[in-house]
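Report on one structure; see the data block that follows.
Please treat every number below as a calculation from the coordinates, not as lab data. For clarity, every value in this text was computed on a predicted model and none was experimentally measured. All Cβ positions, even for glycine, are placed from backbone atoms using ideal geometry, and neighbour counts span all protein chains on display.
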Amino acid sequence: MNPTMMHRPHPAPDHAATASSSPFDALRRVHQDGTEFWTARDLMTLMGYPRWRDFRRALERARSAAQNTGLDVAGNFRGSPKVSGARGPSAEDYDLTRHAAYLVAMNGDPNKREVAAAQAYFAVRTRQAETTTAAVPAVPQSYEDALAALLGSVRAQRQAEERAAELEPKAAVHDRFLAAERGDRLVRQAAKELGWRETDLRGFLLAERLIYQRQRPCGGVEYDFYAGHADHFATSETLVRHNHRPGDCAHYTLYVRPAGLALIHARIGRRLAGPALGSGWNPAR
């Protein structure tokens, strides 16, 4: 990745954001032409990356995703190196549009809570921007103008609806991730929120090596999560007495935590954006 980068002064972050607003709002900047952006260096810290070289991997994956989908990479990832002193090379940085920042968040480490929060924030903000009603245009002065305006409005509305439908599953992460009072979900409840069958979600979690299947001592199978995913999944124990064997048998029920839903959405997005799309993975909806 060797984009042409030109150094220019940055406007300060939006410190007018209220204390109750998202920290991502506080880091939002605005160019002189009124377009908003976030710097990659600012996002790096807020997404839980202490080192640039680690965050750069997510940035490069986001740029590749943008290029593969026909997005203007140079316009959405504007090179903007930072100069820390009078001497020495400038530090690599980028001005990211909202959509570019969204792609970076979706390509971040799904095991980081900060990344899940970034995914939720930019999914919601992108959806809001895509579905915002445009200003009322001037009254057409002729039949031809009216017809052209109508066709343009229908086309724009259709594109907005298609885009909103595409973003809906990701935007829903915001409510699920932040509404902690709703607590953990059974796998079948999480599958219902995704619009999947329970067996499809279990199969996806197994394929992603987030959970595994094991045999109960008393017979039957149950599911547990791999070490390192305690923030995403939980289990509860129930003691069951069977007539065919003495003593109690411990049965464990798997739950998906709110952060686990964000992780699942991130993994789904990665599957859809990557080569795995052609691997035959196609959950029934």
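In sequence order, the range 256-272 has phi-based couplings of 9, 7, x, 5, x, 5, 5, 4, 4, 4, 5, 5, 5, x, 5, 4, 5 Hz under the Karplus curve 6.51 cos²θ - 1.76 cosθ + 1.60, θ = phi - 60°, and Gly or Pro positions carry x. Each label point was placed 7 Å from the Cα along the Cα-to-Cβ direction; for ALA234 and ASP54 their separation is 2.7 nm. Once the Cα-Cα distance is subtracted from the 0.36 nm per residue extended length, the ASP25 to GLN189 segment shows a gain of 55.9 nm.
Put simply, the C-alpha atoms of the range 214-256 give a gyration tensor, and the ellipsoid matching it has half-axes of 24, 10, 7 Å, longest first.
Distance from the alpha carbon centroid of the range 196-264 to that of the range 60-76 works out to 38 angstrom.
Applied to the range 200-205, the Karplus parametrisation 6.51 cos²θ - 1.76 cosθ + 1.60 on θ = phi - 60° returns per-residue 3J(HN,Hα) values of 5, 5, 4, x, 5, 5 Hz, with x for Gly and Pro. Annotation: amide H of TYR94 within the under-5 Å range of ALA40, ARG41, SER80, sequence separation 5 or more or interchain, hydrogens built in the peptide plane. Shown in residue order for the range 43-58 are the 3J(HN,Hα) couplings computed by the Karplus curve 6.51 cos²θ - 1.76 cosθ + 1.60 at θ = phi - 60°: 5, 3, 5, 6, 8, x, 9, x, 10, 5, 5, 6, 5, 5, 5, 5 Hz (x for Gly and Pro).
Amide H contacts for PHE233 (H built 1.01 Å from N in the peptide plane; partners 5 or more residues away or on another chain; cut-off under 5 Å): ARG257. For GLU198, the shell of other residues with beta-carbons less than 13 Å away shows a net charge of +3, using +1 for Lys and Arg and -1 for Asp and Glu. Residues whose amide H lies under 5 Å from that of LEU186, counting only those 5 or more places away or on a different chain, are VAL256; hydrogens are built 1.01 Å from N in the peptide plane.
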